[in-house]
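Have a look at the structure below, then the notes.
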Amino acid sequence: MPSRDRENGAHFSLHPFQLLKRLMPRGLYGRSLIIIVAPVVLLQLVVTYVFLERHWQLVTERLSAKTVAEVALLLSEFEENPTPQQASRIAARASQDLGLPVAFLDGEELPDAPSSTGGLLADSLNDELRRRVARPYWINTAQYKQYVDIRIAYNGGVMRVLTPASHVYASNSHIFLVWMVGTSVVLIIVAIMFLRNQIRPIERLASAAESFGMGRDVPSYRPQGASEVRRAAQAFMDMRARIQRQIEQRTAMLAGVSHDLRTPLTRFKLQLAMLDDRPEIAELREDIAEMERMLDDYLEFARGHQGEATEETDLAELIGEVRDDSQRKGHDVRLELHGDLMLPLRRNAFKRCLTNIIDNGGKYAAHVWVTAIRDAETDGEGGSIDIFVDDDGEGIPDEQMEEVFRPFYRLDAARNLDKGGTGLGLAIARDIARGHGGDITLARSPMGGLRAVIHLPV
């Protein structure tokens, strides 16, 4: 088994597409949600970059050009008549008509501190001032939050303009973002609710199919959802009805066969009972008893376990009953239970499954250990229960651990799993376990013999 470090190394060496595939949700709901949300997020990013950024840049450039043009016009009018009266008149008109606080400061010079030239706003103002004014200037876009300080040198002084920031760059871009994000969130919520309603019928169909596979009937299930889901659900219900009808027909046929075969056997037993107790008569009686046992095994295997209803069963109590029955047969069976062992079972059928496995170990070993463990829930599933049946016998060859589950298969080796039987014990046990959605596997036991593992989903 590879070490964890190797596993981590393999994880980091995965192809990007393989890594993305691993990170993707496994469920249909999660994947469908990504299909809906991913385009919306991508569209927002594209719109934000292409439209909003370009729009803000274009509007800022145009507003900066308009402001600088107004400033250049005011400076030109002042230079035509550079008197205090003209300066006062221009300042009053600029404040009243243009909303620009303007002051002509005679005898002053531009500040020694460098201009604030960072950002798109400063770049736009710099470009326009160099192109339209062509005079020494100084700007500051960071000192005031609501204003931009623009100073232009003229012969004998400095013209200072505190233009509102809203006159220079687009200040309402956040409204667009709020509306875009808000509407997207609303649409995603609606999509999630609608998608959840569409996924729920698929989940119910999967749950019904899984329950049917575990031998648990779901009589309340009805087709729901979109037309395609309804078609799949109806196909499942038709398939379930056909399987149940086939099982009922087979059970009825086997009941007739059982009646027909037992009638002559009963006559044989009556006729033998009227004869003397001679050795050959005793052998015939044993043969008839063996035929009855074989007939019971054949019918039990063919009938399966479908005739019994599923009920909530305490597996610990059931295993205890089988242990007691096996001990009465002279087998040494030791029991160890862990966790909550309640689950839906066909009780009588599963009791036979346990009896076949435990008695099989008791026949060919001095001691049998039965351990039942419930695993915790994993990946959103209900977990499982594993029953380990270990013995200290001779075991069986590895290459025959799967073959022994075949009907009528019998070993000729030292350990014959169905000695004196029909070769159906393990086949019946696995059929019952699989009918509950589980399985039975064989392996070498740490006790030296054979280990049978009964796995049951909860």
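The values are calculated or read from the model by the stated rules, or taken from the named source; none is laboratory data. Bear in mind the structure is a predicted one, so any value in this text is a computation, not a measurement. Here the Cβ positions follow ideal geometry from the backbone for every residue, glycine too, while neighbour counts run over all protein chains shown. Heavy atoms of the whole protein, side chains included, go into the accessibility calculation; ligands, DNA and RNA do not. Shrake-Rupley method; radii C 1.70, N 1.55, O 1.52, S 1.80 Å.
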Suppose we keep only residues that are surrounded by 19 or more Cβ atoms within 10 Å (Cβ to Cβ) and either hydrophobic (A, V, I, L, M, F, W, C) or in a helix (DSSP H, G or I) (or both) within region 92-121. Which one would you say is modelled with the lowest pLDDT? 121
Of the residues in region 29-88, how many are touching a residue at least 60 places away in the same chain (Cβ under 8 Å) and either more than 44 Å from the chain's Cα centre (by Cα) or within 26 Å of residue 102 (Cα to Cα) (or both)? 18
Within region 386-407, considering residues that are in a loop (DSSP other than H, G, I, E, B) and acidic (Asp, Glu), the one least open to solvent (accessible area, probe 1.4 Å): 392
Out of 212, 176, sole residue that is aromatic (Phe, Trp, Tyr) and closer than 30 Å to residue 439 by Cβ: 212
Residues in region 409-416: is at least one in a loop (DSSP other than H, G, I, E, B), in contact with a helix residue (DSSP H, G or I) (Cβ under 6 Å, 6 or more places away or on another chain) and either at pLDDT 90 or above or among the β-branched types (Val, Ile, Thr) (or both)? no
Hand me the list of strands (runs of 3 or more DSSP E) wholly inside region 297-361 holding 3 or more residues that are β-branched (Val, Ile, Thr) and at pLDDT below 90. none
Which of the residues belonging to region 327-353 are under 12 Å from residue 372 (Cα atoms) and of a type in the set (A, V, I, L, M, F, W, C)? 335, 337, 341, 342
Looking only at strands (runs of 3 or more DSSP E) that lie completely in region 137-210, which have at least 1 residues being open to solvent by 70 Å² or more (accessible area, probe 1.4 Å) and at pLDDT below 85? 147-154
Can we say residue 281 is open to solvent by less than 80 Å² (accessible area, probe 1.4 Å), in contact with a Phe, Trp or Tyr (Cβ under 6 Å, 6 or more places away or on another chain) and modelled with pLDDT of 75 or more? no
